[in-house]
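Below is one structure, written out as structure tokens; the observations come after it.
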Amino acid sequence: MIPAAESLPGRSKLAIRGLSMTFRGELDDVRVLEDLALDVREGEFVCILGPSGCGKSTLLNIVAGFLPPTAGSVRIDGEEVRGPDPRRIFVFQERGVFPWLTVEGNIGFGLGRLSRTERERRVAHYVQLVGLKGFEKAYPHELSGGMKQRAEVARALAVDPDMLYLDEPFGALDSITRLVMRGELLRIWQTEKKTILFVTHDIEESVQLADRVVVLSARPARIRRIVEIELPHPRDLSSRRYLELRDGIFEEIGLAHRI
Amino acid sequence: MSEKRSFRPRTRLASRFLPFAGLAALLLLWDLAIRLSLAPLLPGPLAVFRAIGELAQKGFLVKHVVASLFRVTWGYLLAVAIGVPLGILLAWYRRGGLAFAPIVEMVRPISALAWIPLAILWFGVGDLSSVFIIFIASVLPLAVSAMSAVGNVSSIHWNAGRNFGLAPRQIARRVLLPAILPRLLVGLRLALGIAWLVVVAAEMIAVNSGLGFLIIDARNAGNRYDLVVAGMVLIGTIGVVLDAVMRRIERLPGLRWGYASAAAEEAA
């Protein structure tokens, strides 16, 4: 067994070992992920950062159980992941909400097993939490991108999962909405105490949100570096330390910090 | 904003009014052409209206319309009952779809008319043969549209359904069905149009009622071209009504998103 990247305080939630993924193509096999190892603590907010097409979404899909890996293992609470599980909800880009259901219907989607009153109580709670009060009966096509994204986050939270997987969830939003949504996600993370894996290609976003940023290389993706972001929330985006961390990652990826 | 406000009602009024204006202009031109012509090749609109009145008075109007609707309803419902599940299954089991595709492509260009001799051989002369012709004309388009509707369900929605711990049957009911409904309804509407289109051909098989029969019979029994055109007008009118009803259904809440996403796709 490959040793964990480092010994961490806090209970380990997710353990990835020797993870590789190769897609069989008609002409060539495409190696997407190569020998990844990563540990995530319970309650931790981890960003997976990499250039477009590096395979970070593939990694998240494997961790979520949608794709079986070619080699290696993903364990959560010591248990091998063999398929998707309602204890760990994947949040897609805004297209993940069901367009045929209202906001209410979407948020209650995973609550089929609860009694009607309990379901209504929970839906109301999460409508409130994500700030969609007054839009319960609206269909997604009547909402803005940011509101759709809130509905999807609420749908995920409503089933009270231990983990959230977010795949570039704010990528399609305008920059102002994106900032607001980041703030709200942090607020929710702090109150609901979930373990979060957040995939992004946005360096700033990762440094604003994460406890740790896992920097991936271009394809086939390997872990280049794991950057600890020890800044307390709320983070001052003009503080020296923030800029240092951000620029460090810019350099790591090999980008000149000038345009 | 204010510009938009002053602009909108006018276009809405225009969109209500113009189709009727077009129809009125056609009737006017038609009437004028008949009056000016020395040897008219067509009965005029007034003669056709009188013919429809005559049919109504003798009770034939309701009889023929009901007979045609009856055959189309049965042929079409049968085609829906078989074509839609078939299409869904073939899309669900990809290999089945691959095996089935060439058959569809070969059978599709064969006009429903070509099936008439076989229909008579199998079902004799009568209602059953007419229903079969309508069925055969609409079943393949329905299967194809159901297949493509399933193929267009986003993998994101599948995965979201699986993520919330739904069993395959629940996924079929709570994700697949609602996801395909808008596209499927468009397919249902087009297929209903086809079913209605072949009603004349289907009623050429010696049945003794229906709008198709009316048209053939009016010509055979005394060259009553006013009745021929009356039959044509009735078929066209009922076709418009059927189409309008189906479009109404497509716009129900919970289905309307199909329009929204189609518009978004077009804009992108």
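Each value in this text was obtained by applying a stated rule to the coordinates, not by laboratory testing. Computed from a predicted model, the values in this text were never measured in an experiment. Neighbour counts run over all protein chains shown; Cβ positions are idealised from the backbone, glycine included.
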Exposed-loop-free span, longest in chain A, where GluC sites (Glu not before Pro) count as exposed if DSSP calls them loop and at most 11 other C-beta atoms lie within 10 Å: A:27-229
Cα gyration tensor shape for the range B:9-74, rounded if a/c is under 1.5, else prolate or oblate: oblate
Candidates B:V245, B:V198, B:V229, ranked by Gaussian network fluctuation over chain B, Cα under 10 Å, top entry: B:V245
Rounded if a/c under 1.5, otherwise prolate or oblate - chain B, Cα gyration tensor axes: oblate
GNM result for chain A, Cα springs below 10 Å: residue of A:V46, A:V213, A:V30 fluctuating most strongly: A:V30
Residues of type aspartates and glutamates that B:K58 reaches as a straight line, Cα spacing below 20 Å, ignoring anything fewer than 8 places off in the same chain: B:D217, B:D226
Highest to lowest packing among B:182-191, B:77-86, scored as the average C-beta count within 10 Å: B:182-191, B:77-86
Gaussian network model of chain B, springs between alpha carbon atoms under 10 Å - residue of B:R12, B:R173, B:R224 with greatest fluctuation: B:R12
Simple label model, 7 Å out from Cα along Cβ direction - A:A124 to A:V30, nm: 4.8 nm
Whole-angstrom gap from the range A:155-186 to the range A:81-107, using each part's C-alpha centre: 12 Å
Computed lengthening from A:E79 to A:S20, 0.36 nm per intervening residue step minus Cα-Cα distance: 19.4 nm
Cα gyration tensor shape of the range A:64-118, rounded if a/c is under 1.5, else prolate or oblate by comparing a/b with b/c: oblate
Sorted by Cβ neighbour density within 10 Å, fewest at the top, the residues A:D35, B:D226: A:D35, B:D226
Cross-link partners of A:K137 among aspartates and glutamates (Cα-Cα below 12 Å; sequence separation of 8 or more within a chain): A:E104
Magnitude of the charge dipole, chain B, Cβ model with Lys/Arg +1 and Asp/Glu -1, debye to 20: 1020 debye
Of the trypsin sites (Lys or Arg not before Pro) in the range A:123-194, those whose Cβ has at most 12 other Cβ within 10 Å and which sit in DSSP loop: A:K133, A:K137, A:K193
Helix-only CD estimate at 222 nm, as mean residue ellipticity for chain B, using -39500 (n - 2.57) per DSSP H run (n ≥ 4): -26500 deg cm²/dmol
Qualifying lysines (Cα of each under 22 Å from Cα of A:K133; at least 8 residues distant if same chain): A:K148
5 angstrom amide H check on A:A221, placed H, neighbours 5+ away: A:L33, A:E34
Coarse-grained scattering of the range A:98-160 at q = 0.20 Å⁻¹, given as base-10 log I(q)/I(0) from a Debye sum over alpha-carbon atoms: -0.64
